[in-house]
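What follows is a single structure, written as structure tokens, with notes after it.
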């Protein structure tokens, strides 16, 4: 692409660095911004700068937050003896959207994958062990992706926590709601049968 | 099961061709570079979704053109099945059965089993153990569709374990519990693959010996054994014992990824002590054993593709071989050779009808009725 302006080109280059944005989309976004009032564009760039400089990671659960400790960890109504272990903030948002969970979280910041250079020390596992050792926590729920990396991480955390006085559970895996049995893949279905649950416990309150 | 019709478009050196095949013996004859082997490869494509010779799909496209297409009409279980495979440059390979595209190519593999015997097979004897593992893995995965998934999982765990070993030596941080997790995963999948390979070799070995004795007329004594450290020790113990060495070498030194097959002739390694003809006989026996195994597992006859089979074999072995494959145990056969006269003479001698196709410069194909 040839540009008539160096400023235009550098703005397009920056947008094109974003995930999922190619150079054509980048150009469209830049031209759109150019058509907006100057104040609006300033607001846009200011919000980006302050995001980068102002954001904090909650020092308890490592979730993204504006304060030193996030809103979920400070909320008085929440059950602090129940901790849900997730990969990143997207999972926190997904679980929050269910309105089913009243405990707190622990954000690992990834899953163990030596091939991608991510080992246990790159994740927030040591702080999790400290939190559990402190004694207030009665149960941890492992809510990680059903991939090989997720399983490895679950197993690793289990090994680190199994000698501490805490209940360790993992989210159920199986048939999706509204899903027809015949369309479920063999591995999921096989596991669903192997790890079946008593019907009474599925009669939800 | 047999292939009734084959049509090609821009496949390698063949611009366009359509041929109707005989359910028994088909021969492709022509000069060097005419495109005889390409026809076999096209059939291989239809059966196994890939080339036998070249793993790069785009290189199968005829020079100067943008796409290739291979189509075949099979008769299978008294039903007509149309298989077509096409590839456009920079696009995903399309693979269809009866005009319906496959979601997973793996679902196709094994439906139309095929055995190819080619001069390139010498790599099974000459190259490293990887070739020999691939040989048995290909056969087992054609009859057991879970096998390949297990192998992929094993390799993923292995890659993670090796990266971890590397990181341990780079950073000096050693976390035994993480390594243990990978060991457990490796043992679980590895043990299962080992079990399948061992069971396979128990059936495959005797079949191989039978074929080898037939081709050579019991003139030679050949050995084929499965060689795995897991035969002598369980995998978990093996990993534990090699843990020190693994950390020093920064890779996993024991496991089913080191399995091998041992080929012997008169008790000596085939690679060093076998003549070219002996090696070829050995390979043909291996492939025929693959054929018999597939036939036994599938319950119907796979296709048999013989590329340049007469090279390096003496007349006695050639005749025996042709007699054998034309007999009732074998179904549809494809043979390539440079000499039409030789093909006609051999099949005249054993009194078997053969359909001969003359191949010239890929495109022009003429054919005679079975004689």
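The values are calculated or read from the model by the stated rules, or taken from the named source; none is laboratory data. It should be emphasised that the depicted structure is a prediction, and the values quoted were computed from it without experimental measurement. We place every Cβ from the backbone using ideal geometry, glycine too, and count neighbours over all the protein chains shown.
Things to note:
- Residue count for segment A:11-38 under the criterion of being loosely packed, with under 13 Cβ neighbours inside 10 Å, under 30 Å from the mean Cα position of the chain (by Cα) and assigned to a loop (DSSP other than H, G, I, E, B): the result is 5.
- Selection within segment A:148-175 - at the interface with chain B (Cβ under 10 Å from one of its Cβ atoms), closer than 26 Å to residue A:202 by Cβ and touching a helix residue (DSSP H, G or I) at 6+ places or on another chain (Cβ under 9 Å): A:151
- Of all residues in segment A:109-116, at least one satisfies being in contact with a strand residue (DSSP E or B) (Cβ under 8 Å, 6 or more places away or on another chain), touching a residue at least 40 places away in the same chain (Cβ under 8 Å) and closer than 30 Å to residue A:165 by Cα.
Here is a yes/no grid of residues against (1) in contact with a helix residue (DSSP H, G or I) (Cβ under 7 Å, 6 or more places away or on another chain); (2) in a helix (DSSP H, G or I); (3) surrounded by 15 or more Cβ atoms within 10 Å (Cβ to Cβ):
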position: B:214; (1), (2), (3): yes, yes, yes
position: B:223; (1), (2), (3): no, no, yes
position: B:233; (1), (2), (3): no, no, no
position: B:237; (1), (2), (3): no, yes, no
position: B:245; (1), (2), (3): no, yes, no
position: B:263; (1), (2), (3): yes, no, yes
position: B:278; (1), (2), (3): no, yes, yes
position: B:289; (1), (2), (3): yes, yes, yes
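- Taking helices (runs of 4 or more DSSP H) as the structural unit, those lying wholly within segment B:88-185 and holding at least 3 residues that are within 14 Å of chain A (Cβ to nearest Cβ) correspond to B:145-171.
- Within segment B:186-211, restricting attention to residues that are in contact with a strand residue (DSSP E or B) (Cβ under 9 Å, 6 or more places away or on another chain) and surrounded by 14 or more Cβ atoms within 10 Å (Cβ to Cβ), the residue that is farthest from the other protein chains (Cβ to nearest Cβ) is B:209.
- Qualifying residue in segment A:176-192 (condition: in contact with a helix residue (DSSP H, G or I) (Cβ under 8 Å, 6 or more places away or on another chain) and either closer than 29 Å to residue A:61 by Cα or not assigned by TED's automatic domain parsing to the domain that holds residue A:80 (or both)): no
- Residues being farther than 30 Å from residue B:188 by Cα, in a loop (DSSP other than H, G, I, E, B), touching a residue at least 60 places away in the same chain (Cβ under 8 Å) and in contact with a helix residue (DSSP H, G or I) (Cβ under 6 Å, 6 or more places away or on another chain) are represented in segment B:353-368 by at least one member.
- When residues of segment A:111-124 are limited to those that are within 14 Å of another protein chain (Cβ to nearest Cβ) and part of a loop (DSSP other than H, G, I, E, B), the one surrounded by the most Cβ atoms within 10 Å (Cβ to Cβ): A:112
A quick yes/no check of all residues on (1) within 26 Å of residue B:160 (Cβ to Cβ); (2) buried (at least 20 other Cβ atoms within 10 Å of the Cβ); (3) away from chain B (no Cβ under 14 Å):
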{"position": "A:46", "(1), (2), (3)": "no, no, yes"}
{"position": "A:67", "(1), (2), (3)": "no, no, yes"}
{"position": "A:86", "(1), (2), (3)": "yes, yes, yes"}
{"position": "A:92", "(1), (2), (3)": "no, yes, yes"}
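One line per residue, one yes/no per condition, for (1) outside any loop (DSSP other than H, G, I, E, B); (2) farther than 22 Å from residue B:360 by Cα:
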site: B:300; (1), (2): no, yes
site: B:308; (1), (2): no, no
site: B:316; (1), (2): yes, yes
site: B:330; (1), (2): no, yes
site: B:336; (1), (2): yes, no
site: B:348; (1), (2): yes, yes
